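The values are calculated or read from the model by the stated rules, or taken from the named source; none is laboratory data. Keep in mind the model is a prediction, meaning the values are calculated, not measured. Please note: Cβ atoms are built from the backbone with ideal geometry, for glycine as well, and neighbour counts cover all protein chains shown. For the accessible areas, the whole protein counts, side chains as well, though only heavy atoms, and no ligand, DNA or RNA atoms are used. Shrake-Rupley method; radii C 1.70, N 1.55, O 1.52, S 1.80 Å.
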Amino acid sequence: MDKELVYAVWYHRLFGKNKGAKKALGHYKSFEKLYEALINDRDETGYSEKIKPGKLSSFSLFDAELVIKECEENGWKIIPCYSEDYPKQLLSIDDYPVILFCDGKTEVLKSSMTVGIVGSREAVAD
């Protein structure tokens with residue numbers, strides 16, 4: 001299992017598109033290094049002061065591995081932002097997702113003309 005992918009899934013689950021977390025990620029240059037800094041109270045960016053108590057322990061690396069395993073079992077692809085398979089067009093926006101969870105033909109992501117469908121897995125009707 002790709003070690004950095006485990007850390008990327010962990011990051012995605014806890015922080016999503018949080019701009020402060022992305023700045024911290026930019027400082028550490030890898031999901032693993034950011035994880036180590038936050039878990040070991042060695043954050044040099046000050047971001048850890050903004051994290052609610054208990055948040056870091058609410059989703060573990062083991063949980064991230066389970067997500068990856070479930071995706072593999074179902075034929076779903078996980079594409080982190082550092083992958084060559086990640087659409088370059090997305091990297092040009094400020095608030096790009098650090099992970100894409102995909103089902104289907106992912107080669108279309110490299111096309112110059114793409115359509116994305118974004119939605120919640122837990123939609124609630126009012």
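Per-structure values
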quantity: Residue check, K17 more than 11 Å from the chain's Cα centre (by Cα), surrounded by fewer than 17 Cβ atoms within 10 Å (Cβ to Cβ) and either farther than 22 Å from D103 by Cβ or touching a residue at least 60 places away in the same chain (Cβ under 8 Å) (or both); calculated: no
quantity: Some residue of the stretch 64-72 being without any contact (Cβ under 8 Å) to a residue 12 or more places away in the chain and aliphatic (A, V, I, L, M); calculated: yes
quantity: Complete set of residues in the stretch 39-59 that are under 15 Å from Y28 (Cβ atoms) and in a helix (DSSP H, G or I); calculated: I39, Y47, S48
quantity: Selection status of F62, open to solvent by 30 Å² or more (accessible area, probe 1.4 Å), under 21 Å from M113 (Cα atoms), at pLDDT 90 or above and outside any loop (DSSP other than H, G, I, E, B); calculated: no
quantity: Failed item, numbered, when F101 is tested on (1) open to solvent by 40 Å² or more (accessible area, probe 1.4 Å); (2) part of a helix (DSSP H, G or I); calculated: (2)
